[in-house]
Amino acid sequence: MRRREFITIVGGAFLWPLAARAQQAGKTYRVGLLATGGAMDERRANILEGLAANGFFEGRNLEFEVRSGEGRSERLSEFAAALQAANVDAIVTFGYPAAAAAKKSATEIPVVVTGAGDPVATGLADSLARPGGHVTGMTELSTELSGKRLEILKEAVPNLRRVAMLFNATDLGMTLRSQAAANAARELNVDVQTLGVREPNDFDEAFAEMTKARPDAMLMVSDALTVLNRKRIMNFAAANRLPAIYEFSALVRDGGLMSYGPNQRAIGVRAGDFVARILRGARPADLPLEQPTQFELAINLKTAKALGLELSPILIARADEVIE
């Protein structure tokens, strides 16, 4: 029996359209990966780790269908529809645009979201406890995390009075996250310089704004657009001796000053677990959205030295990863 057929149990209850409630022996499951862009290898490896812990192994009983917009979010609906036409068993999305596209254009496929901001605030799900529809996955504590990032930034830059907020203005999830960060900044008596970008050409204008009205530090909200342009951002920060905080440790290993955010490996592993439960017959509507439980602070001391910034030993001691 195929995915789009209905099955009935005693009492006439409706089940998510899956052929069986348990993993089928001999079946190869197909999982779609949908993203606006960015490196997929690490994300894929983390999801595979979660799936392997549940008995699903690539090349044995599992295969991936990868679709990436290469930075062009306007193609995501087309790719989501293609994954549905390919009859994949589930889709994992990275970022809000991919999640929104899968919700709209792959309505018959279970969707596990990651990196999409707050799925309830963006309308991807009805509630954390009861997502409804065909979407579940990981949500993010944007308000609390934004406040924590700014507290760390203020600890690193004690005279912080003005922070530039760089984010993708076309991504609702990241726009809401930037608003949460702006609210947290005001509570810390820090002025906010809001810099929304929509395409690569907008970064030069954002840099010009920061040159004209210099902030004391910068916070980059991470999505496909800003991450794909991270080197430009980091080079600007270095050239202007501008301390900056990012959301993920990979950006610190790439030359950023510091980051605070959820452990990305843990999120990927957990997403793999969501997929495994769905492959065994769980309905996305019945799988509560989960919040990250592992967070990490990363600091690049080489970048701090290049900026002429002396970080306190207490802050460095708190870091989960220190690059020297």
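Among the residues of segment 148-174, those that are touching an Asp or Glu at 6+ places or on another chain (Cβ under 7 Å) and over 21 Å from residue 103 (Cα atoms) comprise 157, 159, 160, 161, 162, 163. Taking residue 225 as the residue in question, decide whether it is farther than 25 Å from residue 318 by Cβ, aliphatic (A, V, I, L, M), assigned to a helix (DSSP H, G or I) and open to solvent by 10 Å² or more (accessible area, probe 1.4 Å). Answer is yes for this residue.
The C-beta contact set for segment 155-173 (first residue at negative phi, second residue among the acidic types (Asp, Glu) and open to solvent by 10 Å² or more (accessible area, probe 1.4 Å), distance under 6 angstrom, 6+ apart or interchain) comprises 157/216; 160/216; 161/216; 162/191; 162/216; 168/223; 171/223. Of the residues 198, 177, the single one that is open to solvent by less than 40 Å² (accessible area, probe 1.4 Å) and among the basic types (Lys, Arg) is 177. Taking the residues in segment 158-187 that are more than 15 Å from residue 218 (Cα to Cα) and in a loop (DSSP other than H, G, I, E, B) as candidates, determine which candidate is modelled with the lowest pLDDT. Among those that are more than 15 Å from residue 218 (Cα to Cα) and in a loop (DSSP other than H, G, I, E, B), it is 171. Applying the condition of being surrounded by fewer than 22 Cβ atoms within 10 Å (Cβ to Cβ) and either of a type in the set (Val, Ile, Thr) or more than 15 Å from the chain's Cα centre (by Cα) (or both) to segment 158-174 and asking which residue is farthest from residue 316 (Cα to Cα) yields 170. Selection within segment 17-45: residues that are under 30 Å from residue 74 (Cβ atoms), open to solvent by 20 Å² or more (accessible area, probe 1.4 Å) and not basic (Lys, Arg). The member of this set that is modelled with the highest pLDDT is 45.
Within the set 285, 304, the sole residue that is out of contact with any Asp or Glu (no Cβ under 8 Å at 6 or more places or on another chain), open to solvent by less than 50 Å² (accessible area, probe 1.4 Å) and either among the basic types (Lys, Arg) or in a helix (DSSP H, G or I) (or both) turns out to be 285. Kindly evaluate residue 207 against the criterion of being more than 21 Å from the chain's Cα centre (by Cα) and either among the charged types (D, E, K, R) or assigned to a helix (DSSP H, G or I) (or both). Spelling it out, residue 207 is indeed more than 21 Å from the chain's Cα centre (by Cα) and either among the charged types (D, E, K, R) or assigned to a helix (DSSP H, G or I) (or both). In the set 203, 207, only one residue is within 22 Å of residue 97 (Cα to Cα), modelled with pLDDT of 95 or more and surrounded by fewer than 22 Cβ atoms within 10 Å (Cβ to Cβ); that residue is 203. If the condition is being not in a helix (DSSP H, G or I) and not hydroxyl-bearing (Ser, Thr, Tyr), then segment 307-324 contributes 308, 309, 310, 311, 319, 320, 321, 322, 323, 324. Of all residue pairs spaced 6 or more apart or on separate chains, those with beta-carbon atoms under 9 Å, a first member in segment 231-243 that is in a helix (DSSP H, G or I) and at pLDDT 95 or above and a second member that is surrounded by fewer than 19 Cβ atoms within 10 Å (Cβ to Cβ) and among the aromatic types (Phe, Trp, Tyr) are 232/203; 233/203; 236/203. Pairs needed: first member in segment 301-324, closer than 16 Å to residue 256 by Cβ; second member anywhere, surrounded by 16 or more Cβ atoms within 10 Å (Cβ to Cβ) and of a type in the set (D, E, K, R); C-beta distance under 9 Å; at least 6 residues apart or different chains. Close Cβ pairs satisfying both conditions: 319/296; 320/296; 321/296.
Inside segment 238-253, residues that are surrounded by 16 or more Cβ atoms within 10 Å (Cβ to Cβ) and either under 18 Å from the mean Cα position of the chain (by Cα) or more than 18 Å from residue 323 (Cα to Cα) (or both) make up a count of 9. Of the residues making up segment 54-75, just one is of a type in the set (A, V, I, L, M) and at pLDDT below 95, namely 66. Can you tell me which residue in segment 107-129 is surrounded by the most Cβ atoms within 10 Å (Cβ to Cβ), limited to those that are in contact (Cβ under 8 Å) with a residue 60 or more places away in the chain and within 20 Å of residue 56 (Cβ to Cβ)? Applying the filter and picking the extreme gives 110. Look at segment 130-157 and say how many of its residues are open to solvent by 30 Å² or more (accessible area, probe 1.4 Å), at pLDDT 85 or above and outside any helix (DSSP H, G or I). So the count comes out to 2. Reported count of residues in segment 254-282, each being among the aliphatic types (A, V, I, L, M), open to solvent by less than 30 Å² (accessible area, probe 1.4 Å) and farther than 22 Å from residue 133 by Cβ, is 3.
Take the conditions (1) modelled with pLDDT of 95 or more; (2) open to solvent by less than 60 Å² (accessible area, probe 1.4 Å); (3) of a type in the set (Asp, Glu); residue 320 misses just one of them, which is (2).
The values are calculated or read from the model by the stated rules, or taken from the named source; none is laboratory data. Every value quoted in this text rests on a predicted model; they were computed, and no experiment measured them. When we count neighbours, we look across all protein chains shown, and the Cβ atoms used for this are built from the backbone with ideal geometry, even at glycine. Just the protein is used for accessible areas: all its heavy atoms, side chains included, with ligands, DNA and RNA removed. Shrake-Rupley method; radii C 1.70, N 1.55, O 1.52, S 1.80 Å.
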